[in-house]
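Comments concern the structure below.
Read-outs: derived from the displayed coordinates by stated rules, not from any lab. Owing to the predicted nature of the structure, the values given are computational and were not obtained by experimental measurement. Cβ: placed from backbone, ideal geometry, glycine included. Neighbour counts: every protein chain shown.
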Amino acid sequence: MKYRKRNPNQFTTDRIRTADLIITEGHLGCAKKYDHPRLYTYPRIVIGMCDREALEPASRTLKVGIIANKLRQIQCPPTLFPPDGKGYWKVEKWGKPAQKAMQQLAPLLTEHTRKKWQETLKRCR
């Protein structure tokens, strides 16, 4: 019995969902590294939401953890960001790993998002 090889170019549901989150909820920008004598900036991807469960596919695809970003004002309902709703959940990736992730997700992204990413890469150099 022959087994069928897995297609490496096949898109999983996690990758499709991550591309959708980048398009709708994502922010593409530059991250600054201040602990170096020179000021370096790196391209980064940030997806922030109130619903932690909705970020799990992006967390698995980008291979990063989900971080709690606390604020002083109420951002989310208290049931989604306990105890008082002052903050939101985010997934963040920056540097060369972010560039690699965007290359893998490029066929799933819209033309506007790809153009925005190219502008971000030029600005962060």
Subject >> Rounded to whole Hz, the Karplus (6.51, -1.76, 1.60) HN-Hα couplings of region 93-109, x for glycine and proline >> reply: 9, 9, x, 4, x, 5, 5, 5, 5, 5, 5, 5, 8, 3, x, 8, 8
**OP:** Give LYS33/LYS116; LYS70/LYS115; LYS5/LYS116; LYS2/LYS96 a once-over and call out the pairs whose C-alpha atoms are over 28 Å from each other.
**Re:** LYS70/LYS115; LYS5/LYS116; LYS2/LYS96
**OP:** Please say if the chain is rounded, prolate or oblate, where rounded means a/c under 1.5 for a ≥ b ≥ c the square roots of the C-alpha gyration tensor eigenvalues, and otherwise the choice is prolate for a/b larger than b/c and oblate otherwise?
**Re:** oblate
Subject >> Order of TYR42, TYR88 - criterion: other Cβ atoms within 10 Å of each residue's Cβ, fewest first >> reply: TYR42, TYR88
Original post:
Around PRO83, what is the net charge, scoring Lys/Arg as +1 and Asp/Glu as -1 over all other residues with Cβ under 15 Å from its Cβ?
Top reply: +3
